[in-house]
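I have a structure I would like to understand better, so I am pasting it below and will then ask my questions one at a time.
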Amino acid sequence: MNDMSKANKLLFSLAIAIIGFMIVLYFNSHDDIEVRDTRDAWEIRSQLQIEQQRQQALQAELNVLIEARFDYVSSSEQQQLSTLVNSVDHLKEEAGMTVRRGAGISIELLLERSEAGIPDGRIMAELIQRLLNELNAYGAEAIAVGNERLVTHTAIREVGDQIYMNQRPLAKPPLTIKVIANDPERLLNYMEVSPSKNEFALHGLSLIIDSDGEVELPAFQDQYKLDLLSVIEENGAGDE
Amino acid sequence: MWLPFLFLLIGLALGFLTNLSIPDYYSNYLSIAILAAFDTLLGGIRAHFEKKFNQHVFISGFFFNIVCAVILTFIGDQLGVDLYLAAVFAFGLRIFQNIAGIRRFLFDLRQEKIQKKMRK
C-alpha cells in the first residue's frame, strides 16, 4: 500500500473510522440495562440468613441421605434390604401415603346464617387454595381436607357446583381441615388472625380453629401418577 | 499504514465517548449498515490493488450501499418479509470475494519480491 496516494489513504481511513463508530454504536445499543442493587445492609443480612437456613436444611437432608447410603453400602444383604425398606417407608410417609398422627390443629368450616338467609354452602376452590397456602406458609407439615390428604400434586378444582380434591368431590360444609404442625400453638395463633377468616366470612362461612392436641390424617388413597416424570441427568448449579 | 489504525481508534473513541445508543428495534438496520460499509471498504482495497480505484466510485458506493441496505431492510420490515437477508447474502458473498481477491494479490506481491531477490 506504499504507492497509495494521500487522498486515497485518508478516504480509506475515514471509512474505517465510520465503521468503527458504527460497531461501537451497535455494541452500545446491545448493553443491557444495568439492574441496580438497592437493598440496604439490613435486607442483605436477612437475605443471607434465609440462605444460610436453607443451606442448613439442605445439609441436614444430605446427611440423612449419606447415612442411608452408608448403611446400604456397608452391610449384609439382609440389612441392605431393611435399609431399602426403611427408605421406601420414609419416602411413603413424606409423600403422604400413610396415615399420620401428630400434634396439630383442626379447622372446622361452618355455614353461617346471614341476614340474606341460609347461604347455599358453596365454597370456592380458590378459597380453599388460599387457606392451604396460608397453612403451608405458617409451617404446616401435613394437611387433610375432609378425607382427602393434600399431597404434592393434589389439584383443587371447581367442577360444576362442587369442589373436587384429588379427583373426588369434597363434602359440603361442615367440613374439617386437619393440620399437623411442628408448633401447633404458633400455627393456631397465626390462623386466628389470618385474612382467611374474613375471606370465608365474606362467603358466609365461619372458621372454627381448635388446637385439640392429636390429629389423625388419612393416607393419600390413589397411586402417584409419575408416568410423565423423568430424571434430569445434567448437574444443576452447585452440584459439583 | 498507521493512518487507518489511527482513524479506527478515533472512530472507536468517538463511539465510546459520545455513549450514543440506538433503540434495540433499529439494531438490525445498524448491523446491515456495518456490513455494507465493510463490503465497500474491502471492495475499495481490492480495486486499489488492481489499480482500478476511483475515489468517486468509492465514496458514492460507500454511502449508497449503506442507504440502499437500510432501505431494503425497512421495506422488508414493512412487508413482513426478511428482505434484509438478501442484503446479508449479497454483502456476505461480496466480502468473501473481495477478501479472496486481496489475498491472491498479496500472494502475488510476495512471489514477485522473492523472484526479484533470486535474480539478484
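The values are calculated or read from the model by the stated rules, or taken from the named source; none is laboratory data. The structure presented is a predicted model; accordingly, all values stated were derived computationally and were not measured. Every residue, glycine among them, receives a Cβ derived from its backbone with ideal geometry; neighbour counts consider all protein chains shown.
Just the residues that are more than 9 Å from chain A (Cβ to nearest Cβ), touching a Ser or Thr at 6+ places or on another chain (Cβ under 8 Å) and modelled with pLDDT of 85 or more, please, taken from region B:16-55.
Within region B:16-55, B:TYR29, B:ILE32 qualify.
Would you be able to say whether some residue in region B:64-73 is more than 14 Å from chain A (Cβ to nearest Cβ) and outside any helix (DSSP H, G or I)?
Checking region B:64-73: not a single residue is more than 14 Å from chain A (Cβ to nearest Cβ) and outside any helix (DSSP H, G or I).
Using beta carbons and a limit of 6 Å, which pairs, at least six apart or on different chains, have the first residue in region A:78-94 and among the acidic types (Asp, Glu) and the second one part of a helix (DSSP H, G or I)?
Cβ pairs passing all conditions: none.
Now for a different question. When you go through A:ARG149, A:ARG168 one by one, which is the residue that is within 28 Å of A:THR98 (Cβ to Cβ) and out of contact with any Leu (no Cβ under 8 Å at 6 or more places or on another chain)?
From the options A:ARG149, A:ARG168, the qualifying one is A:ARG168.
Would you point out the residue of region A:74-116, among those that are under 32 Å from the mean Cα position of the chain (by Cα) and hydroxyl-bearing (Ser, Thr, Tyr), that is nearest to A:ARG149 (Cα to Cα)?
My answer is A:THR98.
Filter region A:188-206 down to residues that are over 13 Å from A:LEU109 (Cα atoms) and in contact with a helix residue (DSSP H, G or I) (Cβ under 7 Å, 6 or more places away or on another chain), then give me how many there are.
Adding up the residues that qualify gives 1.
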